[in-house]
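None of the figures in this text is laboratory data; all of them are computed from the coordinates on show. Quick caveat, the model's predicted, so the values are computed rather than measured. So basically every Cβ, Gly included, is an ideal-geometry build from the backbone, and we count neighbours across all protein chains shown.
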Amino acid sequence: MNLLESYLVISSILFSLGIFGIVTRRNAIAILMGIELILNSANINFVAFNRFGGMHKLDGHIFTIFVIVLAAAEAAVALAIIINLFKNAGSVDVDEANTLKG
Amino acid sequence: MSNFSSIAYYIPELILVILILSVIVIDLIPSLQDLKFPVAFIGLGLLALALNLSHGVKASIFMDLIVVDPFSHFFKWIFVLATASILLVSRYSVEVEEENHVEYISLMLMILLGLFLMASSTNLLMIYLAIELVSIPSYILAGMKKNDRASNEASLKYVIFGSFASGLMLFGLSWLYGISGSTNILDIHAALLTNGNQFLVYMSLMMIMVGFGYKISMAPFHYWTPDVYEGSPTPVTAFFSIGPKAAGFAILIRVLYTIFTNDGSLNATSPLYDVNWTLIFAVLAAITMTIGNFLALHQENVKRLLAFSSISHVGFMLIAFTVIGTEALTALLFYLVIYFFMTLSAFIIAIFIKNKLDTDTIDGWKGLAIRNPLISAFMVISLVSLAGLPPTAGFVGKFYLLAVLFRAKTFYWLAVVAILNSIVSLYYYFKIIKSMYFLNEEEEVSSEPLEVNPYVKWTAILFSAQTLLFYFYWTPLIEFINRSLSFWNS
């Protein structure tokens, strides 16, 4: 197995773990952690492709830096929303967020 | 083009950035605080002026990150009109509290900037950044009513679904980068033509479609739509129903036609490597419109009903992707303009009812025909147009879309599904009309007249009158759309 492949395997495992976390966890913060895993698996892909895929420019590295920044912004907004829900509903369980349905 | 010489082509966006900053600064000066809305409108006016001056310009700017072309220009007009009209009615909405006005305006304008970038980006990095620039302020706007549990839930569901979809899309983008070695969509197309394989193209296409499909609320990524639409403040819902959707279609058209066709431009005739995405879109269109219509049937909440109706309209618009060619795109953009007018007029009237009667259930609309005959009459026009009956533009739009299928002689079954769906949709649109006009004998409703704020009234009337106008005379619109169907490199 060459280097690129081993990185891609790691990123696929991370991606699957992220999906698994989002589907099985009921705690909103745990779901957010799953989303972070997916974003980081994409980051590993970008860096691995750039380093071992025979590319000359640094597009992939730069992409990763932007994704890290955006992931932080998204996490900040999502945590603020979860805190607000906790104040009003007293829980961060997504199953209890069920006023809207139909 | 280098960064410095690009600035000359970037004036509308620069005006927008200055506008966002000045709205925030004005709020800090106590004597100027009342001027927030007027300043926003003046800024949007200047923006429209700058946009008008850049008509027909074609250029690839900021090291090919974004482009200025007639195609993005067309969408920018829709975004500016939508934002300006929503800001106008939000000023008089009870759901947007006075103390939150500055956040509301600046977040709305930030979304507008993101929409501009979505319509014009040609680089994977820029596409991702633009989508996130639209999404993150949208999450906040959905939760604008801080002490309202429904609003909190709406924003929680939006943020979870939204970041999940954009995560999947990012994973797809990383694979696309890996197999092509570039983030520029033109280079990606060139690289895929020389060395690519069908499986990888399929896989990355699917992943990317999750992200875009979520933005336009295409089934099976529509789950967030009804909840978010119901829980958000009504003006925000009205904005979500047109702004991000139009941008989603813009980016979908640009990416599909540039990367995933044989020619890499709007003149394309067949998909890349026989990756049959026209069939995928035919199935998704049928599923989307059926789900939207059948779930709308038993809704009692007007906002939720309009959310499902918007899903079914997205299904209709997806018909345009089952045929590759400019004719299909003309029909799609035409329908988008019509959809813009009819859905916004319906939502503006819903905002008015919410302001006056504090209700968004269909039963709460009872007797509206007696209390305000003018507004109810125009609501009927919008609803007839949404249902797609003559004499309204909704009929012309549906006619154009179905004509695409018949002219290309493909997917007749999809045309049948679409026609059956429009018949089903009559039921729930007429449920609202029934509630406004017909009362049971034993029912008592107040007959006291409802006063409408003149700005809200005239915006609603103007928008629903457009649907009548475009039924009788739509040639200029079609000509404008035909001129707009051109990328910067063609």
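Entry note, the stretch A:3-96: relative contact order of 29 percent, from Cα contacts under 8 Å with a spacing of 6+ residues. Taking each DSSP H run with n ≥ 4 as -39500 (n - 2.57) and averaging over every residue of chain B yields -24500 deg cm²/dmol at 222 nm.
Of the GluC sites (Glu not before Pro) in the stretch B:99-162, not one is in a loop by DSSP (not H, G, I, E or B) with at most 12 other beta carbons within 10 Å. From helices alone, chain A scores -27000 deg cm²/dmol at 222 nm; the rule is -39500 (n - 2.57) for each run of n ≥ 4 DSSP H residues, then divide by the residue total. The spacing between the stretch B:436-490 and the stretch B:242-273, judged by their C-alpha centroids, is 29 Å. Given B:LYS76/B:LYS245; B:LYS157/B:LYS356; A:LYS101/B:LYS398; B:LYS245/B:LYS303, which pairs have Cα atoms separated by over 21 Å? From the list (B:LYS76/B:LYS245; B:LYS157/B:LYS356; A:LYS101/B:LYS398; B:LYS245/B:LYS303), the Cα-Cα distance tops 21 Å for B:LYS157/B:LYS356; A:LYS101/B:LYS398.
Each part reduced to its alpha carbon centroid, the stretch B:23-47 and the stretch A:24-39 end up 39 Å apart. Net charge of the neighbourhood of B:THR183, taken over other residues with C-beta under 12 Å away and scored Lys/Arg +1, Asp/Glu -1, is -2. The trypsin sites (Lys or Arg not before Pro) of the stretch B:26-113 include none that meets both criteria, a DSSP state outside H, G, I, E and B (loop) and at most 13 other C-beta atoms within 10 angstrom of the site's C-beta.
Modelled this way, with points 7 Å down the Cα-to-C-beta line, the labels at B:LEU462 and B:GLU443 are 3.3 nm from one another. Applying a DSSP loop filter and a limit of 14 other Cβ atoms within 10 Å to the chymotrypsin sites (Phe, Trp or Tyr not before Pro) in the stretch B:413-469 leaves B:PHE438.
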